[in-house]
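Enquirer: Have a look at this one before I ask anything.
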Amino acid sequence: VIVLTAPGLYALSGGFYSSKKPRVSILVNNEIAITINGTSSGPIQLARHSAGNICGLTINEFVALPARARISFSFECSDSTSAVIGEGFFQLRKL
């Protein structure tokens with residue numbers, strides 16, 4: 001959880017990688033604000049590559065957050081056959 005002291009506009013970005021298509025939810029004050037589902041049939045499809053998992057599910061959004069906002073995220077993917085289920089990064093920057 002990241003707690004922001006100042007209200008205002010923020011740039012929120014991240015990338016999430018797994019062998020199965022992930023589902024990522026961004027929560028603000030414990031309520032889901034954004035959900036990105038890697039299994040949806042949107043304009044971008046993640047394909048399998050011979051080198052492995054080279055592309056991920058990414059997000060680049062701009063959000064207006066209140067003072068004392070608590071930011072967290074959930075990263076879900078199911079792959080019981082792999083030792084590494086998934087990895088990713090999350091970045092938040094005040095504008």
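Each reported figure results from applying straightforward, stated rules to the coordinates on display, with no laboratory input. These figures come from a predicted structure and were not determined experimentally. Cβ sites come from the backbone with ideal geometry, for glycine too, and all protein chains shown count toward neighbours.
Enquirer: Just to check I understand the Karplus step: with θ = phi - 60° and J = 6.51 cos²θ - 1.76 cosθ + 1.60, what whole-Hz values come out for the stretch 6-11, glycine and proline as x?
Expert: For the stretch 6-11, the Karplus-derived couplings read 9, x, x, 8, 9, 9 Hz, x marking Gly and Pro.
Enquirer: Also: Residue 73: net charge of surrounding residues, Cβ under 15 Å, Lys/Arg +1, Asp/Glu -1, itself excluded? Mind showing how you got there, number by number?
Expert: Working: positive: 23, 70; negative: 31, 61, 76, 87.
Once all neighbours under 15 Å are counted, the net charge is -2.
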